[in-house]
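Please treat every number below as a calculation from the coordinates, not as lab data. As the structure is a computational prediction, the values presented were derived from the model and not from experiment. A quick note on method: Cβ atoms are made from the backbone with ideal geometry, for glycine too, and the neighbour counts reach across all protein chains shown.
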């Protein structure tokens with residue numbers, strides 16, 4: 001399972017926030033844009049920063065610190081995970097991150113660690129969903145290997161995988177269009193594209209794709225198109241239980257299967273025709 | 001049915017942790033492309049010289065290349081490596097090179113073989129060096145495969161020489177041109 005970790009942004013600012021624990025005003029200036037929403041940060045909400053002892057190092061991503069000292073990346077990860085709970089209410093914003101930080105006992109100024117447009121929060125969410133999907137697909141594969149489950153036909157497998165992944169958006173569906181537009185910002189495109197391609201590759205891998213020719217690209221391109229269009233349909237869907245979306249998905253997957261069937265048929269017809277012509281040529285020349 | 005013969009229950013996977021994925025990716029991608037191209041070159045040569053006296057020799061070398069391609073295709077699936085986008089292009093370019101050199105005569109076909117196999121041997125040697133520098137224990141299986149293939153490509157090279165490759169008119173021009181092409185192909189296939 002390949003987990004996509006996007007690089008934590010603003011590492012240097014993070015260390016300043018964490019090490020300058022005693023200086024409230026310094027931290028206030030980082031999150032100045034969102035300050036109007038907060039009262040002055042509650043006193044005594046510094047335990048995390050103070051207890052970390054000497055200033056944090058960013059060199060060690062796990063090897064060089066003691067057990068109770070977490071790396072910056074882990075801290076950011078925890079803040080973002082906690083922030084997701086507040087997204088339905090606040091959107092993908094610094095407010096949600098601040099609320100998340102509060103639940104962890106951190107100062108709300110920890111939101112200053114991140115961009116104000118919520119990029120990291122959204123990328124974190126996408127990465128988490130992709131990991132969850134990989135885990136589920138892996139479990140399903142194990143069951144099939146142990147003989148405890150039937151192997152699904154390919155169209156059903158693809159349909160289920162895409163549906164499972166899209167269902168993870170349901171709690172955040174109101175605010176998802178906003179997230180999509182942030183993911184399309186030029187700054188975020190490398191990360192969001194990489195997350196998308198690795199998710200699609202994962203789905204095909206667990207579907208049993210073993211192509212080593214150009215089909216590798218064709219299949220992934222087709223599935224990406226299916227996923228993206230279904231996601232857009234879902235944004236506009238108001239039917240109960242998103243049944244319109246799932247029906248759309250089923251039709252698109254069926255179209256893709258038909259297309260590939262037709263392509264195979266065309267190819268074998270073409271080969272048969274060529275063989276016939278060669279045979280005729282040999283006959284004529286004899 | 002429909003979706004093609006390349007769908008089977010996914011089983012053969014290599015543990016992906018601890019290996020230098022970008023390096024292994026490149027190695028397998030370019031080697032797969034190389035064997036695919038070599039296949040097409042021999043196919044082109046057979047199309048022209050299949051019924052001549054060197055037909056059986058070329059056929060035998062082609063069979064070995066087919067095995068190489070099969071092995072790299074398996075490795076590609078096991079390591080989850082993306083094939084190069086340029087495969088359709090190598091398909092045509094390889095066939096044209098093979099057929100073109102064969103149309104120039106048997107010796108020219110052998111010269112083409114010598115040039116290509118020399119490039120490939122050198123390329124495999126570079127990879128073996130790189131892998132040994134990384135970690136010979138971790139990549140033992142891959143090293144074994146590449147070493148064996150390098151030895152077989154070297155054999156093809158020697159067979160080409162035995163069949164009067166060097167007697168080709170404009171041998172050094174032909175050889176240089178083909179080897180430049182191989183270098184470019186290797187460079188591109190590693191990256192795209």
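Taking 20 Å as the cut-off, the amide N atoms of region B:139-178 that come nearer than this to a point 7 Å along the Cα-to-beta-carbon line of residue B:23 belong to B:139-150. Ignoring solvent entirely, what values of log10 I(q)/I(0) come out of the Debye formula for region A:112-153 at 0.16, 0.29 Å⁻¹ when each Cα is a single scatterer? These q points yield log10 I(q)/I(0) values of -0.55, -0.91. In the distance distribution for region A:152-264, Cα-Cα pairs more than 20 Å apart total 43 percent. Where does helix B:21-49 land angle-wise versus the long Cα axis of chain B, in degrees 0 to 90, nearest 10? Helix B:21-49 sits roughly 30 degrees off the main axis of chain B. Counted over region B:92-146 with a bin width of 5 Å, the fraction of Cα pairs per bin, in whole percents, is 4, 18, 18, 14, 11, 11, 11, 8, 3, 0. Here the convex hull built on the C-alpha positions of region B:51-127 has a volume of 107 cubic angstrom per residue. What angle, in degrees between 0 and 90 and rounded to the nearest 10, separates the Cα long axis of helix B:140-162 from the longest principal axis of the Cα atoms of chain B? For helix B:140-162, the angle is close to 0 degrees. Distance between the pseudo-spin-label points of residue A:116 and residue A:146 (7 Å out from Cα toward the beta carbon): 5.2 nm. Peptide A:203-210 shows a mean partner chain C-beta count of 5 within 10 Å per residue C-beta.
Sorted largest first, the spans of the alpha carbon positions of chain B along the three principal axes are 52, 45, 26 Å.
Between residue A:213 and residue A:236, the C-beta separation translates, for a Förster distance of 30 Å, into a calculated FRET efficiency of about 0.20.
Between residue B:180 and residue A:197, the simple label model (points 7 Å from Cα in the Cβ direction) yields a spacing of 3.1 nm. For the pair residue B:63 and residue B:167, the difference between a 0.36 nm per residue extended length and the Cα-Cα distance amounts to 34.9 nm. For the peptide B:80-90, the mean number of other protein chain Cβ atoms found within 10 angstrom of a residue's Cβ is 3. When each of the peptides A:166-174, B:33-41 is scored by how many other beta carbons lie within 10 Å of its residues on average, the order from highest to lowest is B:33-41, A:166-174.
Over all projection directions, the Cα-based convex hull of region A:72-116 averages an area of 2.6 nm². By the beta-carbon count within 10 Å of each Cβ, the least crowded to most crowded order of B:128, A:79, fewest first, is B:128, A:79. Annotation for residue A:265 and residue B:190: the two label points, set 7 Å from Cα along the Cα-Cβ direction, are 4.6 nm apart.
For helix B:87-103, what angle does its Cα long axis make with the longest principal axis of chain B, in degrees from 0 to 90 and rounded to 10? It works out to around 20 degrees. A straight chain from residue A:285 to residue A:89 at 0.36 nm per residue would run longer than the Cα-Cα distance by 62.5 nm. Per-residue shielding of A:213-224, expressed as the average number of other chain Cβ atoms within 10 Å of the residue Cβ, stands at 3.
Using r as the Cβ-Cβ distance of residue A:135 and residue A:274, and R0 as 41 Å, what FRET efficiency do you calculate, to the nearest 0.05? Calculated transfer efficiency: 0.30.
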